[in-house]
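The values are calculated or read from the model by the stated rules, or taken from the named source; none is laboratory data. Nothing here was measured: the structure is a model prediction, and the numbers come from that model. Glycine also receives a Cβ, built like all others from the backbone with ideal geometry; neighbour counts cover every protein chain displayed. For the accessible areas, the whole protein counts, side chains as well, though only heavy atoms, and no ligand, DNA or RNA atoms are used. Shrake-Rupley method; radii C 1.70, N 1.55, O 1.52, S 1.80 Å.
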Amino acid sequence: MTVQRHPATSTVPGARDPLLSVKGLSVLLFTETATVRAVTDVAYTVHRGETLAIVGESGSGKTVMNLAPLGLMPGGVRAVVSGSVRLSGEDLTQASEDRLMQVRGRKVGVVFQDPLSALNPNRRVGPQIEEVFRLRLGLDAAASHARAIEFLRMVGIPEPERRLRMFPHEMSGGMRQRVMIAIAIAAEPELLIADEPTTALDVTIQSQLLELLMRLQKQLGMAMVLVTHDVGVVARVADRVAVMYAGEIVELGTAEEILKRPRHPYTRALLAAVPEPDAPVGSRFTGLSGSPPDLSNPAVGCAFAPRCPLVQGECTRATPMLTQAEGSGHLAACWVSTPQVAERPTR
Ligand SMILES: Nc1ncnc2c1ncn2[C@@H]1O[C@H](COP(=O)(O)OP(=O)(O)O)[C@@H](O)[C@H]1O
Ligand SMILES: [Mg+2]
């Protein structure tokens, strides 16, 4: 095995700086009919080797927050990114298109929810993977082929030589997602962003893929940002958690703190929303009544106020900031559960 581990700690200066440091990140989307404030002033860090889970209902901005700064927005939508997104010190919001393409290939691997959208349906899987090794690592045809086989083995695909000759539609959903993971880690990135990588799959396969991601993360020493709306997944894999609501991070802390001592009423609702045993995959948060606000027309105050069981006067007047409460090891943005002093701390 030629795969090398990135050292988790290093003696080089600045090694304890976060791998990813996001500050004041906002993303506006310009669609044909509206301007959508998909992400508003978020801040978080990801350290080398750690797993940050991002949770929140569908439409809360998880995908846009992670992918827009990398220049990955679905066609037809113009995204304007502001703030800073530093990867090993380099601000991606200032990077050229060419540079972002390099960063995506080599420093950051991305696994999408739907592998079919990322694989070309008309080409066999082999050439698609081999191309990644040729383009990203400059390997020749024979070396690319050998490495494709090695990586398919690494992601748990049996009989890799035979699979390389298949078309994407000839593979199961779980197998396709393994191929996507192999492509994402091809250049041994420092950061893997997995955007609901298992949502479309059945429970057993979800579990196997999660195990795979955790194993690869250790093996390659990668940091991982895992977008999920499954609280069970968070408990299994996350070191830290960011809870998103209506484009904002409303709670941020260690997985243990957030799962055991959630402060934000939204987080509490998420944790309490136990899925029906036979609920379709992806409909996990149906226990929460009401729906998230329209991000093209933001209201004054806390975005969760209209659905919040604890709502009081201040909530509809001003937006609460992420604040550390006394006696709590993590941040929450809530006037009621995390009272704030008049002079708000900067993030
Ligand atoms: N391609 C798009 N066109 C228009 N609006 C979009 C597009 N993608 C996302 N949005 C809007 O941006 C917001 C955040 O979306 P997204 O990041 O996909 O949420 P999540 O990943 O949490 O489900 C939503 O309000 C959504 O409607
Ligand atoms: Mg998403």
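Computed over protein heavy atoms with a 1.4 Å probe, the carbon and sulfur contribution to the accessible area of the stretch 90-202 reaches 50%. Beta bridges per DSSP, both residues in the chain: antiparallel share near 65 percent. Rounded to 0.05, the FRET efficiency of the GLU170 and GLU211 pair, given R0 = 22 Å and the Cβ-Cβ distance, is 0.35. Along each principal axis, taking the top coordinate minus the bottom one, the Cα set of the chain gives 67, 51, 43 Å in descending order.
Stokes-Einstein diffusion coefficient for the stretch 140-193 at 37 °C in a medium of 0.692 mPa s, Rh from the Kirkwood formula over Cα pairs: what value in µm²/s? The diffusion coefficient I find is 283 µm²/s. For the stretch 171-203 versus the stretch 109-126, the spacing of their alpha-carbon centroids is 9 Å. Here, the stretch 68-107 is characterised by an Rg to Rh ratio of 0.95, where Rg is the alpha-carbon radius of gyration and Rh the Kirkwood radius. Only aspartates and glutamates eight or more places from LYS107 in sequence, or on another chain, were considered; those with a Cα closer than 17 Å are ASP17, GLU50, GLU90, ASP91, GLU97, ASP98, GLU188, GLU190, ASP195. Membrane-span-like helices in the chain (whole DSSP H runs, Cα extent of at least 15 Å along the helix axis, mean Kyte-Doolittle hydropathy of at least -0.5): 125-137, 141-154, 173-184, 203-220. Sparse packing (at most 14 other Cβ atoms within 10 Å of the Cβ) combined with a DSSP loop state is found for the following trypsin sites (Lys or Arg not before Pro) in the stretch 137-209: ARG165. Here the gap between LYS260 and GLU131, fully extended at 0.36 nm per residue and compared with their Cα-Cα distance, gives a gain of 41.9 nm. Annotation: lysines with alpha-carbon distance below 18 angstrom to LYS62 (same-chain offsets under eight excluded): LYS23.
Rounded, prolate or oblate: which fits the stretch 208-279, taking a ≥ b ≥ c as square roots of the Cα gyration tensor eigenvalues, rounded meaning a/c under 1.5, else prolate when a/b beats b/c? Cα axes put the stretch 208-279 in the oblate bin. Please give every one of the aspartates and glutamates within straight-line cross-link reach of LYS260, meaning a C-alpha to C-alpha distance under 19 Å, and leave out same-chain neighbours fewer than 8 residues apart. Hits, sequence-local ones excluded: ASP230, ASP239, GLU251, GLU326. Calculated from the alpha-carbon coordinates, the stretch 172-212 shows an Rg and a Dmax of 10.2, 29 Å respectively.
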